[in-house]
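Participant: Once you've had a glance at the structure underneath, I'll fire off some questions.
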Amino acid sequence: MKKAFFNWSTGKDSALALYKILQDKNYSIDKLVTSVNENFSRVLMHGVQEELLNQQAESIGLPLEKIYFPEEVSMEFYGEIMKNKMLQLASEGFEFSVFGDIFLEDLKNYRESKLQEVNLKAVFPLWKRDSKELMKEFISVGFKAITVSISEKHLDKSFVGRELDIDFINDLPENVDACGENGEFHTFVYDGPIFKKPIEFFIGEKTKRNYTKEEKTNWDTSFWYIDLIPKNIR
């Protein structure tokens, strides 16, 4: 079997892609890898508390490796940190890096080119699948998730903190991808077929954060977040 690590984001696309790759007998998934903001102990982009990430990994039953980034990081420094981590993983015998991307060609090309520099290859279990069908499958196999971040450019405040179900999908505006593949929303998965037990949490406050052009990491500059507070600390 081909030794691979999985790029785990804590959200829906990661969960479904991991579910699928674990069924593929060609690959052995031996580790989860997640990027974390070292200043706030939260998962990058999703804003989920690091403790909830730890509990996900424990419930999934795979070792977790974290890549820590400062709150403010240039693309050059980001690339340097990532390259060093990929070199480390390659030295451990890993050959493949698995992602939950669906259709962003530029991102796919970027990942493949950077991995090629360190003799790793990328795998995309969900690539070119229909977003709405993927979400229906996600729900039908028993995954449960809550939205933890939304882009105000695409969705209003009411969408953050909602359960990811059929009603949520049907309520999305026509210009919003059903998987949020363009960054419209991010989720936290707390139960499903890859978990030994559900992740328990309390619902915290909603907060809005605005980014300047210098700070922003994608196209949008205003986001709503909801805090999830772990019920149990490991």
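Participant: Note down the magnitude of the dipole of the range 85-230 about its Cα centre, charges +1 on Lys and Arg C-beta and -1 on Asp and Glu C-beta and zero elsewhere, to the nearest 20 debye.
Facilitator: On the way: 20 positive and 27 negative charges, 64 e Å.
Result for the range 85-230 is approximately 300 debye, rounded to the nearest 20.
Participant: Scan around Phe201 for amide H atoms under 5 Å from its own, H built in the peptide plane at 1.01 Å from N, and keep only partners 5 or more places away or cross-chain.
Facilitator: Lys231
Participant: Amide H of Tyr190 versus every other amide H placed in the peptide plane: which residues, excluding those fewer than 5 positions away on the same chain, fall under 5 Å?
Facilitator: So Tyr190 has HN proximity to Lys144, Ala145, Ile146.
Participant: As a test of reading the structure, rank Tyr68, Tyr78, Tyr190 by solvent-accessible area (1.4 Å probe, protein chains only), most first. Intermediate values should be presented prior to the final figure.
Facilitator: Details: Tyr68 95, Tyr78 65, Tyr190 35 Å².
Final ranking, largest accessible area leading: Tyr68, Tyr78, Tyr190.
Participant: How much accessible area does Asp167 have with a 1.4 Å probe, in Å² rounded to the nearest 10?
Facilitator: Here the residue's solvent-accessible area equals roughly 90 Å².
Participant: If you don't mind, another one. So what is the relative contact order for the range 99-151, in percent, with contacts set as C-alpha pairs under 8 Å and at least six apart? Display every interim value, and only then the final one.
Facilitator: Working: 26 pairs, mean separation 21.2, N = 53.
Value for the range 99-151: 40 percent.
Participant: At 222 nm, what value in deg cm²/dmol follows for the chain if DSSP H runs of at least 4 each add -39500 (n - 2.57) and the sum is divided by all its residues, to the nearest 500? Numbers along the way, then the final one.
Facilitator: Details: 6 runs with 66 residues, N = 234.
Theoretical 222 nm ellipticity from helices: -8500 deg cm²/dmol.
Participant: Right, another one. Could you let me know the centre-to-centre spacing of the range 80-154 and the range 164-189, using Cα atoms, in angstrom?
Facilitator: About 18 Å separates the Cα centre of the range 80-154 from the one of the range 164-189.
Participant: Could you tell me what percent of the accessible area of the chain is made up of carbon and sulfur, with a 1.4 Å probe and every protein chain present? Don't jump to the answer; show the numbers that get you there.
Facilitator: Working: 5520 of 11680 Å².
Its accessible area is 47 percent carbon and sulfur atoms.
Participant: Here's a follow-up. Quick one: net charge around Phe77, please, counting Lys, Arg +1 and Asp, Glu -1 for every other residue with C-beta under 14 Å from its C-beta. Could the numbers behind the result be given before it?
Facilitator: Values: positive: Lys83, Lys85; negative: Glu38, Glu71, Glu72, Glu76, Glu80.
So the environment of Phe77 carries a net charge of -3.
Participant: At a Förster radius of 45 Å, what calculated FRET efficiency corresponds to the Cβ-Cβ distance of Ser158 and Phe77, to the nearest 0.05? Provide the component values of the computation, followed by the final result.
Facilitator: Details: r = 37 Å, r/R0 = 0.82.
Taking R0 as 45 Å, the efficiency between Ser158 and Phe77 is 0.75.
Participant: Also, quick follow-up: With every protein chain left in place and a probe of 1.4 Å, what is the accessible surface of Lys132, to the nearest 10 Å²?
Facilitator: 90
Participant: In percent, how large is the relative contact order of the chain, given Cα pairs closer than 8 Å and 6 or more residues apart?
Facilitator: Numbers: 426 pairs, mean separation 51.9, N = 234.
It rounds to 22 percent for the chain.
Participant: Out of all Cα-Cα pairs in the chain, roughly what percent, to the nearest whole number, are more than 23 Å apart?
Facilitator: Details: 12956 of 27261 pairs.
Roughly 48 percent, once rounded to a whole number.
Participant: For the range 140-193, which trypsin sites (Lys or Arg not before Pro) pass both filters: DSSP loop (anything but H, G, I, E, B) and at most 15 other C-beta atoms within 10 Å?
Facilitator: Details: sites: Lys144, Lys153, Lys157, Arg162; in loops: Lys153, Arg162.
Here the sparse-neighbourhood loop sites are Lys153.
Participant: Let me ask something additional. Over the chain, give the accessible area per residue in Å² for a 1.4 Å probe, as an integer.
Facilitator: On the way: 11680 Å² over 234 residues.
Accessible area per residue, the chain: 50 Å².
Participant: Using the Karplus curve 6.51 cos²θ - 1.76 cosθ + 1.60 with θ = phi - 60°, what ³J(HN,Hα) values do you get for each residue of the range 23-37, in whole Hz, with x for Gly and Pro?
Facilitator: Ordered by residue, 3J(HN,Hα) equals 8, 8, 6, 7, 10, 10, 8, 10, 6, 9, 10, 9, 8, 10, 6 Hz.
Participant: Another question about this same structure. Once the convex hull of the alpha carbons of the range 1-82 is built, what does its volume come to per residue, in cubic angstrom?
Facilitator: Working: hull volume 7.7 nm³, N = 82.
It comes to 94 Å³ per residue, whole-number rounded.
Participant: To continue, here is another question. What is the Cα convex hull volume of the range 123-202 when expressed per residue in Å³?
Facilitator: Values: hull volume 8.5 nm³, N = 80.
So the per-residue hull volume is 107 Å³.
The values are calculated or read from the model by the stated rules, or taken from the named source; none is laboratory data. For clarity, every value in this text was computed on a predicted model and none was experimentally measured. Neighbour counts run over all protein chains shown; Cβ positions are idealised from the backbone, glycine included. Accessible surface areas use protein heavy atoms only, side chains included; no ligands, DNA or RNA. Shrake-Rupley method; radii C 1.70, N 1.55, O 1.52, S 1.80 Å.
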